[in-house]
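A quick write-up on the structure given underneath.
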Amino acid sequence: MSDVRNVVIVGSGPAGHTAAIYSARANLSPFMFEGYVMGGSAGGQLTTTTEVENYPGFPEGIGGPELMQLFRKQSERFGTEMVQEDVISADFSQRPFVLKSENREVKAHSVIISTGATAKRMGVPNEEKMWNNGMSACAVCDGALPMFRNQPLMVIGGGDTAVEEATYLAKFGSVVYLVHRRDELRASRIMQERALKHPKLEILWDTVLEDAVGEDYLTGASLKNIKTGEARQVEVAGLFYAIGHTPNTAIFNGQLDLDDAGYIKLKAGTQETNIEGVFAAGDVHDHKYRQAITAAGTGCAASLEAERWLAEKGFAG
């Protein structure tokens, strides 16, 4: 493919598709690498979420995969060209930029990176079976679902995110167990105090998750105290991982400025990376909110910024 694209979008979650919709409506003829392996599946993390109740416009809620199909149809309707391929290399040292998948090479005047982040998992034996059947990596996304209300819940982790998610879940659950492998939390002092004082939070120190328990839905968690070796089973209806995310930025390492955790650094108040003409949107840079609606917002912003930049450079009128 020898022609140069105005905008190439890498990633197909809410950020990528919102960027595509805006870019397509601006007559920029965007090209999207939907991705498959890098972010787990085309459509991003929402495709692994059964029920989405906090995305505006769907008062009864909507399935994550269904929502992403609607995003995709809208991108397609306005003329976005899409291929379900991962970008395996990106060269931002030359202009136009060059992006390659296993099947093709695409040149681009501007690039919007929306490859997202992947929630870290623990790989316990029943994890795949119980995922979305009581197990989740996003309490804010899933914690308010009816299946978790007035039920015992559990969070795995010991940092600020784990405490925040446990505190959030305490609004809905009867009790929230915070399971941490050490004898003190890694969370900031103020978050530690919040956890220790919360009447519905019970911290299980020096403890690790051995497995999830249940047939069709999660009913409990198998735990082990790493100091005493004691094993026990705790009855819970929800089990939430809060052990961090890995941003899907490996192929951009050495070209884009990344923070210590691998998230793309942006210029303050923009979606601009350190390379002119390369923008980022969604969870690939946002380690604070990590919501579909905020990802979509940054996808809009990245597209508008790319459109202005292309016009300034004379690539698109």
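The table that follows gives values for the structure above.
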{"item": "Qualifying residue in region 140-149 (condition: touching an Asp or Glu at 6+ places or on another chain (Cβ under 6 Å) and either modelled with pLDDT of 95 or more or crowded, with 18+ Cβ neighbours inside 10 Å (or both))", "result": "no"}
{"item": "Identity of the residue in region 154-197, surrounded by fewer than 20 Cβ atoms within 10 Å (Cβ to Cβ) and of a type in the set (S, T, N, Q), that ends up farthest from Tyr289 (Cα to Cα)", "result": "Ser174"}
{"item": "Any chance Glu202 is in a strand (DSSP E or B), surrounded by fewer than 20 Cβ atoms within 10 Å (Cβ to Cβ), assigned by TED's automatic domain parsing to the domain that holds Ser136 and on the phi < 0 side of the Ramachandran plot", "result": "yes"}
{"item": "Conditions (1) at pLDDT 95 or above; (2) surrounded by fewer than 18 Cβ atoms within 10 Å (Cβ to Cβ); (3) not in a helix (DSSP H, G or I); number of the one not met by Ala261", "result": "(1)"}
{"item": "Of all residues making up region 1-29, the number that are more than 18 Å from Leu99 (Cβ to Cβ) and touching an Asp or Glu at 6+ places or on another chain (Cβ under 8 Å)", "result": "2"}
{"item": "Failed item, numbered, when Ser222 is tested on (1) assigned by TED's automatic domain parsing to the domain that holds Gly173; (2) not in a strand (DSSP E or B)", "result": "(2)"}
{"item": "Failed item in (1) in a loop (DSSP other than H, G, I, E, B); (2) in the same structural domain as Gly13 (by TED's automatic domain parsing), with Gly229 passing the rest", "result": "(2)"}
{"item": "All positions within region 59-91 that are at pLDDT below 95 and in contact with a His (Cβ under 9 Å, 6 or more places away or on another chain)", "result": "Met68"}
{"item": "Residue in region 140-155 that is farthest from Val236 (Cα to Cα), counting only those that are of a type outside the set (Gly, Ala, Ser) and in contact with a helix residue (DSSP H, G or I) (Cβ under 7 Å, 6 or more places away or on another chain)", "result": "Val140"}
{"item": "Filter result for Pro56 (modelled with pLDDT of 95 or more, touching a His at 6+ places or on another chain (Cβ under 8 Å) and not polar (S, T, N, Q))", "result": "no"}
{"item": "Criterion (buried (at least 21 other Cβ atoms within 10 Å of the Cβ) and in a loop (DSSP other than H, G, I, E, B)) met by exactly one of Val111, Val87, Val106", "result": "Val87"}
{"item": "Every residue from region 266-288 that is surrounded by 14 or more Cβ atoms within 10 Å (Cβ to Cβ) and assigned to a loop (DSSP other than H, G, I, E, B)", "result": "Leu266, Gln271, Thr273, Asn274, Ile275, Gly277, Ala281, His285, Asp286, His287"}
{"item": "Some residue of region 291-304 being in a loop (DSSP other than H, G, I, E, B), modelled with pLDDT under 95 and either farther than 21 Å from Gly35 by Cα or charged (D, E, K, R) (or both)", "result": "no"}
{"item": "Failed item, numbered, when Ala295 is tested on (1) touching a strand residue (DSSP E or B) at 6+ places or on another chain (Cβ under 6 Å); (2) in contact (Cβ under 8 Å) with a residue 40 or more places away in the chain", "result": "(1)"}
{"item": "Selection count where residues are more than 18 Å from Leu46 (Cβ to Cβ), touching a His at 6+ places or on another chain (Cβ under 8 Å) and small (Gly, Ala, Ser), scope region 287-311", "result": "0"}
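Here's the yes/no breakdown for (1) modelled with pLDDT of 95 or more; (2) out of contact with any strand residue (DSSP E or B) (no Cβ under 9 Å at 6 or more places or on another chain):
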site	(1), (2)
Asp3	no, no
Val10	yes, no
Pro14	yes, yes
Ser23	yes, no
Leu28	yes, no
Gly35	no, no
Met38	no, no
Ser41	no, yes
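The values are calculated or read from the model by the stated rules, or taken from the named source; none is laboratory data. Bear in mind that the values here come from a model prediction, so they are computed numbers and not experimental data. No Cβ is skipped: glycine too gets one built from the backbone with ideal geometry, and neighbour counts run over all protein chains shown.
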